[in-house]
1. Take the alpha-carbon centre of the range 352-390, take the same for the range 447-500, and report the distance between them in whole Å.
2. Assuming a viscosity of 0.890 mPa s and a temperature of 25 °C, what translational diffusion coefficient in µm² per second does Stokes-Einstein assign to the range 60-199, Rh being the Kirkwood radius over Cα pairs?
3. Mind jotting down the distance between the C-alpha centroids of the range 215-294 and the range 115-162, whole Å?
4. Sort the following peptides by mean Cβ neighbour count (other Cβ atoms within 10 Å, averaged over residues), highest first: 450-457, 279-286, 377-384, 436-443.
5. So what is the relative contact order of the chain, in percent, for Cα pairs below 8 Å that sit 6 or more residues apart?
6. Using a Cα-Cα cut-off of under 14 Å, which aspartates and glutamates could be cross-linked to LYS250, ignoring same-chain neighbours fewer than 8 residues away?
7. Please give the charge dipole size of the range 33-73, origin at the Cα centre, charges +1 on K and R Cβ atoms and -1 on D and E Cβ atoms. Round to the nearest 20 debye.
8. Quick check on the chain: helices-only [θ] at 222 nm, where DSSP H runs of length 4 and up contribute -39,500 (n - 2.57) each and the sum goes over total residues. Nearest 500, please.
Amino acid sequence: MQINLMGETNSIITGLQLLSDELNIQLHENGYPISVTQRVGPIQVSNENGKGEITFQEKIHFFRAIGLWLENYRKNGEFELTEHPQFLTSGVMLDVSRNAVLKVEEVNGLLRTMAIMGLNVVMLYTEDTYEVPEYPYFGYMRGRYTEVELKACDEYADIFGIEMIPCIQTLAHLTMALKWGYAANIRDTADILLVGDPKTYQFIESMIEAASRPFKSKRIHIGMDEAHQLGLGRYLDLNGYENRFEIMNKHLSQVVSIAERHGLKPMIWSDMYFRLGSKHGEYYDDEVTIPKEAIESIPANVQLVYWDYYHEEEDFYRSYFEKHKELGPDTVFAGGAWTWNGISPNYGRAFATTEAALTACKKEGIQEIFTTLWGDNGAETPLTTALPVIQLFAEHTYNKTVDKDMLAERFHFSTGNHLDDFLILNQLDETPGVMKNNLQSSNASKFLLWQDLLIGLFDENIRGLQMNEHYQKLAPLLNRAKDRNPNALPLFEFYEQLARVLSVKAEMGLQLKTAYDQKDKGKMVSLLEDIKELTKEVGVLRQKHREVWFSLYKPFGWEVLELRYGGLAARLETTQFRIQQWLEDKITNIEELEAERLIHDGPNGIVDGSLGNHFYHRIATAGNII
């Protein structure tokens, strides 16, 4: 469609040109006339008597508005629509530290999608995946961004009115950075910096300077979450036991002073104050007591970020916003897209928690929100699976309430994809035996893929649940989805192949154990042939996963997942070898199949509504992967 924008267009014309392909428009002086006005107030879009109008306040509002205008023009012809932004800032945090570093062109692609959705904040969560010139081993062989790359992303974001905020760690979550020899004198524990040492603050200043330099924003997220062993490692040896609130605030004051010297306004995750004030070290403790002197010592210009991905009750969020208000004003809320649960997304839990959290945010007057796209345990789940949750955040940003039909329409316009097809991915983990919406985060598709056929650590967890049949039914749904979503074709090809692999492998261990116990060599011969075919299908799955990875990420980090695939392939070959030996009477028994099967209860026991939720090292073996 050709359009002709008239009015106040200087600030938005470059961005609109960058979005022309996504929006399927051309700017032309003979195009359809649309009057553009920038002023304080809500977004208003209309079309009447052969002329369109758009009014907006912030630059980002225009890009959402032009999308709304085009969507309604193509659907209705004449219309009038008003949206009232519910938050000052809303956006996403992209985890580019847990193995997967998003390519610059993919960051820019996401920025274009965010502009159409109307989201105006993005953070790249970088533990060690950015350049710090003074420390060449910082991010070594991890795909770190160069300063030039980050500056290019920031300038691209600014075209759309999107603020890019540097997001780093300055206390804990630094295992990858601290594993090298240069860090020996600034390391408290494996992942925590040594508080109080001058060399630590020299290191932190270098990090803050390097992380902030590429960005226009004067805000910086300095982390400081989950420092569970704060003051209990080398710090304890050097200084003896000290009150951990005092250690935390002493360190925070030092880091904040560094940030202020560089003209920056910092924010931190709030959990350490709550954990230290809890008798049990918990973040979400109704009986938490934070000493008054600790609250008073929190630097005045630090924003606290309340992260919560776990609660489905609006009242819980509201109660915790009240607790945060006791610590300081202007709390930022961070929800979760649940991309980190396993090899597939958990939309059920993401949607349930987001609905409750953002409803509470609106009622409590919270002005800044974002959703996190963590990639725990290897970033097995592609970040693009988070798009439905990002769209949900966007719709809540401009509407008091959101229904599924509205969400589906906006999702299709913003991404070209169908929401219902993406939601099919939920069924990879929301299997028989799992509660509705998978609120306990069962990750069957992960543990059934990586578990060993001969050892079968999770076989008892799925006994009697017809898991093969579940995945057999799922595969054709994903096959049809890939035809309906050409923009996400590699993604659906990968998940279709995953379902095909699991439709055979899920219960293979149970079948092997039964045939062995019954000394049914005829059945074992048949299963051996199935394993040979399964091995080929796992090879195809690796290739499909690799295609998705290299389309999104830098190559660094793929080796971690490829080692998992390689380990699985090797174990499948050994399984064939062991069975063949037994069939040929070269061995009298298969010890792995002799062993009794127990339910895998993990470190926290069995949870109702879940079949298990485990990391790779707990899935592949009962031994120790060093």
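1. Value for the Cα centre distance between the two parts: 25 Å.
2. My calculation gives 141 µm²/s for D.
3. Each part reduced to its Cα centre gives a spacing of 25 Å.
4. By packing density, highest mean first, the sequence is 377-384, 450-457, 436-443, 279-286.
5. 12
6. ASP197, GLU242, GLU293, GLU296
7. Here the size comes out at about 120 debye.
8. -14500 deg cm²/dmol
The values are calculated or read from the model by the stated rules, or taken from the named source; none is laboratory data. Small disclaimer: the values here were computed from a predicted structure and weren't measured. Glycine gets a Cβ as well: all are built from the backbone with ideal geometry, and neighbour counts include every protein chain shown. Note: areas computed on protein heavy atoms with side chains; ligands, DNA, RNA excluded. Shrake-Rupley method; radii C 1.70, N 1.55, O 1.52, S 1.80 Å.
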